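Each reported figure results from applying straightforward, stated rules to the coordinates on display, with no laboratory input. Just so it is clear, the structure is predicted and the values come from calculations on it, not from any experiment. As a convention, Cβ positions derive from the backbone with ideal geometry for all residues, glycine included, and neighbour counts pool all protein chains shown.
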Amino acid sequence: MKHAARFLILPLLLISFASQALANISLTAAPPADRQFYFVINPGKTDSGAVEVENIGATDLNVELYAADGTQSNQGTFALTTKSTEQLFIGKWVYFNDPVIHIKAGERKKIPFSIKVPDLVAPGTYSGGIAGQVSSGKNEGTKGNGVNVTSRVVVKMFIAIPGERVTKFDWSDFSYIPGTDTTKPYFKIGYANQGNTVINVDQKIDIEGFPGIQQTIDPTVANLTQGSKVEIPIKWDNPPYFGILTAKATATYSELNVLNSQNINEQTLEKSISVVIISPTVYIIAGLTLLTIIILIVYISTRKKRAKTLVKASVEHKVKAGETIMDLADKYGITWKSLVKLNKLKAPYDLKVGSIVLIPKPQQRSKKK
């Protein structure tokens, strides 16, 4: 049983120091396949299929075809290993009689391939794909250093080995990594596929707490090939400057039915961690605030001490009928303003008969203005 899909991916690597156009190809699964290659093969048995390669550029090309095992990107999404990586499964089982083909501009060719599954292979669903790679070689007719320009297109492939299907998911890590002066904080999530099926993980992180923070991060779906382990860094694009928070991660994992690309047997797990975030800006603001408070305390304390000193260095005068601030100022040879300030009087500075007014002692008195 097999199915295949037309699957076009833009070139993965576009590097050129010389002036030339990058060749373009498309790689699709040949009919009667649909969507992606899917084979069910018993250990020790063989099968076959074909891809179609089309040169959609304006120049003739040499295209190299090869199979590769599936893996995960650093975000946990599906990816193919490179040609130079040691291949363990699909990358070893699939081969082409003519792996390098010459294809003219606008031409489309159907290229067969064979699959040979070894005798001793554990049951399960194995992920991988077929890649078509264009390498231009050294640029001719250019001065200086010519560079190889390589582009790659891929089509997915799954090979199911009959036997007991085991879906076993392990969630090993959910942690918070504080930011620095130049980097933002992020979360790290670790997963492992300990079974023999392909697992998809739908992820979400809800963040809430003081002071009124409520955010949600929706990472891309993680794809776990059998036996794989991944540690996924999840960016926090809009972290607050300050917060005492709780981060709750939700992982809904399910077996991927590769035949129809549907998720089955979904289960949901949750993990929560406490997060305290204080950005360098907060430290600066807190430092300036503390410095301001210290200055105010020193200033207020100094004024109080000065006021107490003035009170101790004063004599008391009992107000008589008809006496005013100006009268007392003239009598004691001081300024009326100093009397007002020392006694904390308010306009219009009326004095009540019998009240006590503090008068600076002679050594504390200012000259009368």
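Set against the 2.2 N^0.38 Å expectation for a compact globular protein, segment 313-364 has a Cα radius of gyration ratio of 1.01. Suppose R0 equals 45 Å. What FRET efficiency, 1/(1 + (r/R0)^6) with r the Cβ-Cβ distance, do residue 323 and residue 290 give to the nearest 0.05? For residue 323 and residue 290, the calculated efficiency is 0.40. Summarising the label geometry, the points placed 7 Å from Cα in the beta-carbon direction at residue 92 and residue 122 lie 1.4 nm from one another.
Work out the FRET efficiency for residue 218 and residue 165 from their Cβ-Cβ distance, taking R0 = 22 Å, and round it to the nearest 0.05. After rounding to 0.05, the efficiency reads 0.15.
Both the radius of gyration and Dmax for segment 169-278 are 15.3, 48 Å, in that order, over alpha-carbon atoms. Here the spin labels are modelled as points 7 Å beyond Cα on the Cα-Cβ line, and at residue 300 and residue 266 they lie 5.9 nm apart. Put in line by how crowded their Cβ is, counting other Cβ atoms within 10 Å and starting with the fewest, 218, 327 read 218, 327. For the pair residue 278 and residue 74, label points projected 7 Å from Cα toward Cβ lie 3.0 nm apart.
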